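Enquirer: Mind having a look at this structure? Questions to follow.
The values are calculated or read from the model by the stated rules, or taken from the named source; none is laboratory data. Not measured: the values here are computed from a predicted model. Here Cβ is always computed from backbone atoms with ideal geometry, including for glycine, and neighbour counts include all displayed protein chains.
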Amino acid sequence: MIVSVTYPIGIGIIALICATPVHADPLLTSWLTNTSGQYARVTETTTTSPVTTWPSPGIQQNNLNNGQPLPAYADVQQVLYSTNFVYVRSSDLASHRMGPWYKEYAKINVNGLWPENRSLTSKIPRFQTPASSPNQVQQGPVGVLVNGVTIANLGDGSGYKTATGQDGGITGGGVPGNQTDVWIRCATGAEGPILDGGFGHPAPDGGYHYHANPRALRLQLGDNLSYNPANDAYLEATTNLHHSPLLGWAYDGYPIYGPYGYASAMNSNSPIRRMVSGHVPRDGSFGTANLNATGRHSLAPWAALFHTFTATLGTNDHQLATNNYGPNVSTGFPIGWYAEDFDYLGDRINVGTGTNYKQGVDYDLDKPNGRICVTPEFPGGTYAYFIPIDANGAPAFPFSIGRYWYGNNTGGRVANGNITQTVVTNFAGGPNTELRLASPVVSDNVVTLVWSATEGGIYRVEASANLSTWTTNANGVAAVLNRGTSTSSALATNRFFRVTRSGLAPYAP
């Protein structure tokens, strides 16, 4: 509808106002949408400014993808829903700082892989059901964060090959039940140099994704972090903690939060603290095997079940045949290099009590890496995953979601974006971002108009004394990011203003 607002000073505006969604479902309302009208940007090197198209001339490009020759809009572009699912369309590109990506920690050689607009559609179930039996997580994406960017499984698609004595590609992508590729490599260690400050990077196909603590998004959402742009350094801010924001949704429909939650799972009045992972390194602590002494010759109970060496969860480590041994612990293969370097405390006996370590007492997060708890969005309680960090703020295993889902993962990526059921549009952004004209500001006989804009958009400002005859007040006004601004001299008579987008620069759809 068109509404007119008249101010005491005699200046009015008209603007297009869309109906506000009536749904309070966090699965519909939690998405990052206020930045969808601005371009994604990449910082290509430590000495260059962010760019909207990449790679720039003279900067290395891998031949696996084309980068981004045209600007692409960032974050979530559409939110749609049916009775049973929410669908999120995105570019898979973030509005926060992405990059740079180097081949080594010294940051000398640019990696050469670049993200590109993937036009992804992700599906999240609206009604969650806990899995009735162990539901194992395969290699690849495990959910989508509120900016529409993928969050991946803990692995990087490689693992140790006993026969060759080195890491190599995992047969079948590291699927559960694989008894050949037993030692699955963790992405955070192996891919550390090629992750940006927010623990994200592009895959060979151009898909930007996170492997662990998505600090750049957390900072954007106001989590307990500070940031120094001079050296791209994030620091956990551990004084005056507040509950971490909702970061995204797993493909089984349960929410994913940052590292901080209520100390008492079901008490929102309890103190806020870092959620402690239930997984620990197999270094002899907490009754685990000490891989430094024994070598990688056994699997913890959870891993033996995952790889189907056992049919049920055992109480002892599973001893491997020599053809499945992993490499001895060394500088090149430190503990934590592989997922199987970790044990789960809930499977171990606390020698002090004679019983198993207990969730909620000795640690917070269960084997899937979550807990049943209350959160700001779910005051009545829900199961929720948490992104774990250690006491120093470094990513902690299993980094996103463990090797088991809590629920039935009926969500995932929608092939070619082909939604086959009737859906309702809850949000549309990007080039379709709604133009909202704010109340005019008058100061020193100058009227300033500000409106929500689409980056790349060109706007025309018109004025009228009677809402019938309009004259152009300003033309060719270019948006700056997702904001438009125009000023003019104040007049003694009543004036109404309207803003129209008259052009849009080419972009990557």
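Enquirer: So, in region 376-392, of the ones that are part of a loop (DSSP other than H, G, I, E, B), touching a Lys or Arg at 6+ places or on another chain (Cβ under 9 Å) and not hydrophobic (A, V, I, L, M, F, W, C), which residue ends up nearest to N267 (Cα to Cα)? Let's see the steps before the verdict.
Expert: Step one: list which residues in region 376-392 are part of a loop (DSSP other than H, G, I, E, B), which gives 376-381, 387-388, 390-392.
Adding the requirement that they be touching a Lys or Arg at 6+ places or on another chain (Cβ under 9 Å) leaves 387-388, 390-391.
Applying the additional criterion that residues be not hydrophobic (A, V, I, L, M, F, W, C) yields 388, 390.
Details: P388: 20, D390: 23 Å.
So the residue we want is P388.
Enquirer: Oh, and also: Given W302, W249, which one is at pLDDT below 95 and under 28 Å from the mean Cα position of the chain (by Cα)? It would help to see each step written out before you state the result.
Expert: On the way: W249 fails: at pLDDT below 95.
Exactly one of W302, W249 is at pLDDT below 95 and under 28 Å from the mean Cα position of the chain (by Cα), namely W302.
Enquirer: Could you pull out every one of the strands (runs of 3 or more DSSP E) wholly within region 157-226 that has 3 or more residues that are more than 30 Å from L246 (Cβ to Cβ)? Talk me through it step by step, then tell me what you get.
Expert: Working: elements: 166-169, 184-186, 200-202, 208-210.
Passing ranges, in order: 166-169.
Enquirer: Okay, next question. Any idea which of L305, L291 is under 25 Å from D167 (Cα atoms), surrounded by 15 or more Cβ atoms within 10 Å (Cβ to Cβ) and touching a Leu at 6+ places or on another chain (Cβ under 6 Å)? Can you show your working first?
Expert: Values: L291 fails: touching a Leu at 6+ places or on another chain (Cβ under 6 Å).
Exactly one residue qualifies, and that residue is L305.
Enquirer: Test of understanding: among T448, T420, which residue is loosely packed, with under 12 Cβ neighbours inside 10 Å and not in a helix (DSSP H, G or I)? Give the derivation first.
Expert: On the way: T448 fails: loosely packed, with under 12 Cβ neighbours inside 10 Å.
So the residue among T448, T420 that is loosely packed, with under 12 Cβ neighbours inside 10 Å and not in a helix (DSSP H, G or I) is T420.
Enquirer: Which number in (1) assigned to a strand (DSSP E or B); (2) buried (at least 17 other Cβ atoms within 10 Å of the Cβ); (3) at pLDDT below 95 marks the one condition that N475 misses?
Expert: (2)
Enquirer: How many residues does region 154-171 contain that are in contact (Cβ under 8 Å) with a residue 24 or more places away in the chain and under 12 Å from Y338 (Cβ atoms)?
Expert: Residues meeting the conditions: 7.
Enquirer: Also: G207 versus (1) within 13 Å of the chain's Cα centre (by Cα); (2) modelled with pLDDT of 95 or more: which is the lone unmet condition?
Expert: (2)
Enquirer: So which of A212, A203 ends up being crowded, with 21+ Cβ neighbours inside 10 Å and out of contact with any Asp or Glu (no Cβ under 6 Å at 6 or more places or on another chain)? Talk me through it step by step, then tell me what you get.
Expert: Numbers: A203 fails: crowded, with 21+ Cβ neighbours inside 10 Å.
Testing whether each residue is crowded, with 21+ Cβ neighbours inside 10 Å and out of contact with any Asp or Glu (no Cβ under 6 Å at 6 or more places or on another chain) leaves just A212.
Enquirer: Additional query: So the check is Cβ under 8 Å with 6+ separation or different chains; which pairs have a first residue in region 494-505 that's surrounded by 15 or more Cβ atoms within 10 Å (Cβ to Cβ) and a second one that's hydroxyl-bearing (S, T, Y) and in a loop (DSSP other than H, G, I, E, B)?
Expert: Qualifying pairs under 8 Å: R501/T454.
Enquirer: Let me ask something else about it. Among the residues of region 103-142, which ones are buried (at least 17 other Cβ atoms within 10 Å of the Cβ), among the charged types (D, E, K, R) and part of a loop (DSSP other than H, G, I, E, B)?
Expert: Within region 103-142, E116, R118 meet the criteria.
Enquirer: Just to check your reading of the model, which residue among F286, F309 is in contact with a strand residue (DSSP E or B) (Cβ under 9 Å, 6 or more places away or on another chain), in a loop (DSSP other than H, G, I, E, B) and under 25 Å from N324 (Cβ atoms)?
Expert: Numbers: F286 fails: in a loop (DSSP other than H, G, I, E, B).
Testing whether each residue is in contact with a strand residue (DSSP E or B) (Cβ under 9 Å, 6 or more places away or on another chain), in a loop (DSSP other than H, G, I, E, B) and under 25 Å from N324 (Cβ atoms) leaves just F309.
Enquirer: Which of the strands (runs of 3 or more DSSP E) found entirely inside region 1-94 contain at least 1 residues meeting this: out of contact with any Phe, Trp or Tyr (no Cβ under 9 Å at 6 or more places or on another chain) and at pLDDT 95 or above?
Expert: On the way: elements: 2-6, 11-16, 76-81, 85-90.
Output list reads 85-90.
Enquirer: Pairs, please: C-beta under 7 Å, at least 6 apart or cross-chain, first residue of a type in the set (D, E) and modelled with pLDDT of 80 or more and in region 174-198, second part of a loop (DSSP other than H, G, I, E, B) and surrounded by 15 or more Cβ atoms within 10 Å (Cβ to Cβ)?
Expert: Between residues of region 174-198 that are of a type in the set (D, E) and modelled with pLDDT of 80 or more and residues that are part of a loop (DSSP other than H, G, I, E, B) and surrounded by 15 or more Cβ atoms within 10 Å (Cβ to Cβ), the close pairs are D181/I170; D181/G174; E191/H211; D196/G99; D196/P100; D196/W101.
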